[in-house]
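Here is the structure we will look at.
Rule-based calculations on the coordinates, nothing more; no lab input. Every value quoted in this text rests on a predicted model; they were computed, and no experiment measured them. When we count neighbours, we look across all protein chains shown, and the Cβ atoms used for this are built from the backbone with ideal geometry, even at glycine.
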Amino acid sequence: MFEDTHPRTLRKWLIVAGVVYFLLPWDLIPDFLGLPGRVDDAGFLALLVWVDRQHAQRWAQRQAAGQGSERPRARREEPAKAFDPHVVLGLAPSASKKEIRTAYRSRMQEYHPDKVAHLGEELQRLAHVKAQEIQRAYETLRG
């Protein structure tokens, strides 16, 4: 019911509900009966604590699994780096066509998807991005 609610927000609302229930004269067992009247208040507060703990536990599991719906925090905008194909391929600006082709082939051997298939998923994604960057640099320099 409160899956998308942050645990701190839910905890605040549960505290408000507990205080209101504890102070209001309308209870399951009236407070004027003494100890039995306070037992239902304590039981209700215990129920609220249990709900809070369960929600926090489920929230932590979803966050660990990457399924959290928490809004992404605003990132500081970094200035876009200019794409330099010579830097990507590790070449001097005066490189010949043969040097460009050799550098391209050697860099692609490092990052080709078939070469990194045995690595983890995150490294495969990184290698894929790097391979695309190398391909773009080669096409730019090849003309």
(message) Given the criteria under 19 Å from V51 (Cβ atoms), among the aliphatic types (A, V, I, L, M), surrounded by 15 or more Cβ atoms within 10 Å (Cβ to Cβ) and out of contact with any His (no Cβ under 8 Å at 6 or more places or on another chain), does L14 qualify?
(response) yes
(request) Name every residue in the stretch 88-110 that is in contact with a Leu (Cβ under 7 Å, 6 or more places away or on another chain) and outside any helix (DSSP H, G or I), in order of residue number. (result) none
(request) Go through the stretch 90-143 and give me each residue that's hydrophobic (A, V, I, L, M, F, W, C) and within 29 Å of the chain's Cα centre (by Cα). (result) V116, A117, L119, L123, L126, A127, V129, A131, I134
(request) Would you point out the residue of the stretch 32-60, among those that are closer than 19 Å to V16 by Cβ and charged (D, E, K, R), that is surrounded by the fewest Cβ atoms within 10 Å (Cβ to Cβ)? (result) R53
(request) Could you list, in sequence order, all residues of the stretch 18-31 that are over 14 Å from W50 (Cα atoms) and either in contact with a Gly (Cβ under 7 Å, 6 or more places away or on another chain) or among the small types (G, A, S) (or both)? (result) D27, I29, P30, D31
